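Written out below as C-alpha cells is the structure these notes cover.
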Amino acid sequence: MNNLLPVATDVINTVLHDQNFWSSLAQLIKITKPLVDAIRNLESHETSLADCMLEFIRRACAMTHLTLDDDEDIGFWLHAKAVFNQ
C-alpha cells in the first residue's frame, strides 16, 4: 500500500501479543549499544587503524560492565558475549 510492503501477520502478532518482545528488544539494544557507539565514533575519513583498535578496546571494556537484569534472557546474553569475544 502506498509503495510500502505489507507487514507479515506473524510480525504484527509478535509485536502486539508476545509478552517478551519488548523486553527482548530492550536487551538487544542494551547489548549492541556499545558497538553502535563505536561505529558512530569512528565514522570519519581520518580514522586510523589505531583509532579503531583503541575504540574496540574501550567498547570491550564497556561491555564487561553490562549487567544481566532479572527479566532478561540469560541464553541470549551468553550468546551475545560469546559472539563478541570471537
Quiz prompt | Selected residue (only one of D73, D51 is closer than 17 Å to L25 by Cα and either within 19 Å of the chain's Cα centre (by Cα) or of a type in the set (D, E) (or both)) | solution = D73
Exercise. Kindly indicate whether any position in the stretch 63-70 is modelled with pLDDT of 90 or more, surrounded by 10 or more Cβ atoms within 10 Å (Cβ to Cβ) and not in a loop (DSSP other than H, G, I, E, B).
Key: no
Quiz item: Which of the residues that make up the stretch 15-29 are more than 11 Å from the chain's Cα centre (by Cα) and either part of a loop (DSSP other than H, G, I, E, B) or β-branched (V, I, T) (or both)?
Solution: V15, D18, Q19, N20
Quiz item: Would you say T14 is in contact with a Phe, Trp or Tyr (Cβ under 6 Å, 6 or more places away or on another chain), without any contact (Cβ under 8 Å) to a residue 12 or more places away in the chain and surrounded by 11 or more Cβ atoms within 10 Å (Cβ to Cβ)?
Solution: yes
Practice problem: Starting from the stretch 20-40, keep only residues that are free of Cβ contacts under 8 Å to residues at least 12 places away in the same chain, then list their pairs with residues that are among the polar types (S, T, N, Q) whose Cβ atoms are within a distance under 9 Å, requiring at least 6 positions of separation or different chains. | Solution: F21/T14
Practice problem: Filter the stretch 54-68 down to residues that are out of contact with any helix residue (DSSP H, G or I) (no Cβ under 6 Å at 6 or more places or on another chain) and touching a residue at least 24 places away in the same chain (Cβ under 8 Å) and give me whichever is farthest from Q27 (Cα to Cα). | Solution: A60
Quiz item: With respect to L4, is the statement that it is assigned to a loop (DSSP other than H, G, I, E, B) and among the aliphatic types (A, V, I, L, M) true?
Solution: yes
Quiz item: Among the residues of the stretch 41-50, is any over 15 Å from F84 (Cβ atoms), without any contact (Cβ under 8 Å) to a residue 24 or more places away in the chain and in contact with a Leu (Cβ under 7 Å, 6 or more places away or on another chain)?
Solution: no
Quiz item: Do we have any residue at all in the stretch 30-47 that's more than 12 Å from the chain's Cα centre (by Cα), part of a helix (DSSP H, G or I) and modelled with pLDDT under 85?
Solution: no
Self-check item: Tally of residues being surrounded by 10 or more Cβ atoms within 10 Å (Cβ to Cβ) and outside any loop (DSSP other than H, G, I, E, B) across the stretch 71-86
Solution: 7
Exercise. Answer yes or no as to whether I12 is hydrophobic (A, V, I, L, M, F, W, C), over 20 Å from the mean Cα position of the chain (by Cα) and either under 19 Å from H79 (Cβ atoms) or in a helix (DSSP H, G or I) (or both).
Key: yes
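The values are calculated or read from the model by the stated rules, or taken from the named source; none is laboratory data. Please read all numbers here as calculations on a predicted model, not as lab measurements. Methodologically, a virtual Cβ is constructed for each residue, glycine included, from the backbone with ideal geometry; neighbour enumeration extends over all protein chains shown.
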